[in-house]
Each structure stands twice: as C-alpha cells, then as structure tokens.
Amino acid sequence: MALHLDRGSVDLQYTDMDLRQALGDLALLTGVTVNIYPEVQGTVTVDLHHASLAQALDVLLGGAYTYTVGPHEVIYIHRAGTAWQPGNEHIP
C-alpha cells in the first residue's frame, strides 16, 4: 500500500504499549491525522529506527489491521480485510 505522505523518518521504541497510544504518538511525531476504528485494540512491542511513516504503520498494525488514506490525507486505521468507505470520516 503506498502512502503519499512524506514525513521524514521516525524512531519508535515500545514494549507492550497500547496500540492506540502508539498510533497517536506516531500521528503527533509525523503531523498526520489518524482516525482509529473502535475495533483496533491490542499492545505492540517495536524497535524502529529511521522508519518511514508507511513502514511504521505496517509494523505497528501487523497483519490484523490496515490503513487507508482518505480525503485530506487523513489516515483511517481499520481491521484488515475490511474496506474504508467514504462517509466513514467521523469515527467515534
């Protein structure tokens, strides 16, 4: 999946971090807006250095979740195998 956002590289180091918090930290580091579907849950352990935004997302989300870049370059995080649809912009 190509991500058309050039945000430089990031370093992330987490041990058993809440996935939602890790995604929020990544958003702050890169200046992107993320909307995370409620079913996205879990913990992550990662040690990334000089990773692109797309690489960081791929590692954090593993195989269970994926992302879609929507209008205005908002990143929607959702379960793998499901598709983001226009109109789902307002995630609780």
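Nothing in this text is a laboratory measurement; each read-out follows from the coordinates by a stated rule. Values in this document were obtained by computation on a predicted structure and should not be read as measured data. Every residue, glycine among them, receives a Cβ derived from its backbone with ideal geometry; neighbour counts consider all protein chains shown.
Observations
- For the stretch 10-79: rounded, prolate or oblate by the Cα gyration tensor [a/c cutoff 1.5]: oblate
- Size of electric dipole in the stretch 10-79: Cβ of Lys, Arg +1 and of Asp, Glu -1, about Cα centre, debye, nearest 20: 180 debye
- The stretch 10-79, relative contact order [Cα under 8 Å, separation at least 6], %: 39 percent
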